[in-house]
Amino acid sequence: MNPFEELESNVRYYCRRWPAVFSSASGSTITDENGVEYLDFFAGAGALSYGHNNPVLVEVAIEHFRAGKLLHSLDTFTVEKRRFLEAMQRYVLEPRQLDMVIQTVGPTGATAVEAALQLAQRITGNRAVVGFEGGYHGMTYRAASISASMAGRATSAHLKDFVALPYVANVTDEDVQLLKDTLRSTVDGQKIGAVIIEPTQGEGGARPFDPAYLRCIREECSEIGILVIADEVQAGVGRTGPFFSFEGSSLDPDIVCLSKSISGLGLPMAINLVRRDLDTWAPGEFSGTFRGNNLAFATSAAMLETYWADSELEKGTEQRGLIVRNSLQHIADEFGHGRFVVRGNGLLCGLDVGSTQVAETIAQGAFERQLIVETCGAGDTTVKLLTPIVIDENELLDGLERLNDAVAHAV
Ligand SMILES: Cc1ncc(COP(=O)(O)O)c(C=O)c1O
């Protein structure tokens, strides 16, 4: 009997793309049960930016178990949560002059999004939400409804109080006018309470928004009294270089959703950063059994202390991101016949090959060369590269070489 085929739901997905049985992992490498090593340019869909089993963080976790620390703690006070909150303040909020409080939510990105939308509705009294084509925010009913539908992410959730604006790479007067009109409109009979945006889209195809457009969103929302929610679940925690992908853009969000890599070690954890004056929750109004993953607080604090006390990681990510985009451009020039487009920001990069079939063949070819890459974007035409941001440069070059080879054989 094959237990995966016999016992696991038909909804299983990634295992169909990468049908190896994995058994161990270190840094940017995963090894299957037969000892075959794969370079991981997927990094847990962005949850493993600090690598598999990051040695510094593993030590923290082992010590946590050895010392008999709490694992589960709801939102009671613990030593680890205090250390995490202090590290967030010291390494993230204070240096960026963000006067925000930290709301721990249940452990998924979608839960953070749910909480953000509920808070926005509570504050503004308005339920409708504006998002963006290609946006992806998770799989709860609300989060799925506001995720503009992406191929391969079909959902049966269809709440109607949502409208999607087009993605904007280079802002035009028409984009600004459409934004202004939409924000002042009603959707499903409801006024707009929030705009939710991934400043650099992940599932939408590694697409950064024009910072000038992000500034317009802020200005318009401030004028009307709409909250700006930055979904940094995939692009945050250093993925694009800076801690937040919106840094330097004047988006100045009211709420920031973080999950995926926030624990540093790939543990389930999600938080929202909420502008202090908007933190109007009543005690217990938004709850969740698994808000206090104490092990994740411990590794997250260690991740912040280790990697965000200086700008080394940020610089390294930007440098490695350049290597990736240059290499993708080289591949596009050599094999794309003008049809391939390179996109990205830091180490959230993609090669749009303009064809679902070609992208799929490249991803499959990569797997045959022991390289794990995913496809994304409208129509799944983009090969996405999400390496660990701490990846060793030789491994990076090795993986890019394998990708080049896979593309050469696919076109
Ligand atoms: C930008 C963004 N937001 C939210 C989510 C949902 O996170 P989760 O799968 O942990 O619910 C994802 C997941 O890919 C994401 O990329």
If each part is reduced to its alpha-carbon centroid, the range 56-82 and the range 89-142 end up apart, in Å, by 25
Between the alpha-carbon centers of the range 322-365 and the range 379-411, tell me the distance in whole angstrom. 9
Could you tell me the extents of the range 35-102's C-alpha atoms along the three principal axes, largest first, rounded to whole Å? 46, 34, 20
For Arg16 and Thr280, what is the calculated FRET efficiency with R₀ set at 51 Å and r taken between the beta-carbons, to the nearest 0.05? 0.70
For Leu159, distant residues with modelled amide H under 5 Å away: Ser145
Between Arg82 and Ile62, what is the label-point separation in nm under the 7 Å Cα-to-beta-carbon projection? 2.7
What residues qualify as long-range amide H neighbours of Ser24, i.e. H under 5 Å apart, gap of 5 or more or another chain, H built at 1.01 Å from N? Thr31
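Which is the longest part of the chain that has none of the GluC sites (Glu not before Pro) sitting in a DSSP loop with at most 16 other Cβ atoms within 10 Å? Could you put the intermediate results ahead of the total?
Numbers: sites that count: Glu8, Glu33, Glu133, Glu247, Glu285.
The segment 286-411 is the longest one with no such site.
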Sorting Leu400, Val92, Trp281 by the position of each Cα along the dipole of the chain (Lys, Arg +1; Asp, Glu -1; all at Cβ), the one nearest the positive end of that ordering is Trp281
Set of aspartates and glutamates near Lys191 by C-alpha distance (under 17 Å), chain-local residues within fewer than 8 positions excluded: Asp161, Asp181, Glu220, Glu223
For Lys160, list the aspartates and glutamates whose Cα falls under 14 Å from its own Cα; do not include residues on the same chain fewer than 8 positions away. Asp188
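What longest range of the chain stays clear of loop-exposed chymotrypsin sites (Phe, Trp or Tyr not before Pro) (DSSP non-H/G/I/E/B, at most 10 other C-beta within 10 angstrom)? Please list the in-between numbers first.
Details: sites that count: Tyr13, Phe77.
The answer is 78-411.
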Would you mind checking which residues have amide H under 5 Å from Asn293's amide H? H placed 1.01 Å from N; only 5 or more apart, or other chain. none
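Longer than 28 Å from Cα to Cα, which of Lys315/Lys384; Lys69/Lys315; Lys69/Lys384 are they? Say none if no pair is. Could the numbers behind the result be given before it?
On the way: Lys315/Lys384 21 Å; Lys69/Lys315 35 Å; Lys69/Lys384 38 Å.
With Cα atoms farther than 28 Å apart: Lys69/Lys315; Lys69/Lys384.
Compute the normalised compactness of the range 158-296: alpha-carbon radius of gyration over 2.2 N^0.38 Å, N being the residue count. Mind dumping the intermediate values first?
Working: Rg = 16.0 Å, N = 139, 2.2 N^0.38 = 14.3 Å.
Cα-based Rg divided by the globular estimate yields 1.12.
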Say we join alpha carbon atoms closer than 10 Å with springs in a Gaussian network model of the chain; which of His52, His337, His64 then has the biggest fluctuation? His337
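Restricting to Cα pairs below 8 Å that are 6+ residues apart, what does the relative contact order work out to for the range 333-411? Please round to a whole percent.
Working: 112 pairs, mean separation 24.9, N = 79.
Relative contact order comes out at 31 percent.
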In the P(r) worked out for the chain, what percent of Cα pairs fall beyond 36 Å? 23
Distance-filtered residues of the range 389-411 - backbone nitrogen under 14 Å, label point 7 angstrom along Gln357 Cα→Cβ: 410-411
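Using helices alone, what [θ] at 222 nm do you get for the chain, with -39,500 (n - 2.57) per DSSP H run of 4 or more residues, divided over all residues and rounded to the nearest 500? Provide the component values of the computation, followed by the final result.
Numbers: 13 runs with 150 residues, N = 411.
Theoretical 222 nm ellipticity from helices: -11000 deg cm²/dmol.
No value in this document is a laboratory result; all are computed from the given coordinates. All values derive from a computational prediction rather than experimental measurement. Positions of Cβ are generated from backbone atoms using ideal geometry, with glycine treated the same way; all protein chains shown enter the neighbour counts.
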